[in-house]
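The values are calculated or read from the model by the stated rules, or taken from the named source; none is laboratory data. The model shown is predicted, which means the values in this text are computed figures rather than measured ones. Heads up: the accessible areas ignore ligands, DNA and RNA and are worked out on the full protein's heavy atoms, side chains in. Shrake-Rupley method; radii C 1.70, N 1.55, O 1.52, S 1.80 Å.
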Amino acid sequence: MVVVALGVTWILDGLEVTLTGALAGVLKETSTLGLSNTEIGSASSAYLVGAVVGALFFGWLTDRLGRRLLFFITLAIYLLATAATALS
């Protein structure tokens with residue numbers, strides 16, 4: 001069960017990165033959001049910084065609270081955040 005959940009999360013994370021790169025050109029158009037290259041780069045950098053800081057923080061928590069508990073907590077946070085993004 002854990003291996004399947006981990007695999008699905010890994011696939012979804014790769015899909016997010018792929019979609020971000022594919023949509024960058026569309027986000028520049030004035031008929032959509034009209035973002036500049038700097039704004040797109042800043043958003044991508046924020047995504048990367050968030051991933052690194054989250055990995056470090058939850059890695060630290062894992063050492064203190066246990067791997068299984070933190071795996072399910074991070075999975076729940078990831079699913080809720082992804083759903084909130086989709087609904088926004």
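Summary of computed values
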{"quantity": "Solvent-accessible area, 1.4 Å probe, carbon plus sulfur percent, for the chain", "calculated": "74"}
{"quantity": "Additional length obtainable on full extension of the chain from TYR47 to ALA81, 0.36 nm per residue less Cα span", "calculated": "11.0 nm"}
{"quantity": "Angle between the chain longest axis and helix 37-65 axis [Cα atoms, degrees, rounded to 10]", "calculated": "0"}
{"quantity": "Coarse-grained scattering of the chain at q = 0.24 Å⁻¹, given as base-10 log I(q)/I(0) from a Debye sum over alpha-carbon atoms", "calculated": "-1.32"}
{"quantity": "Accessible area (Å², per residue) of the chain, counting only protein heavy atoms and a probe of 1.4 Å", "calculated": "77"}
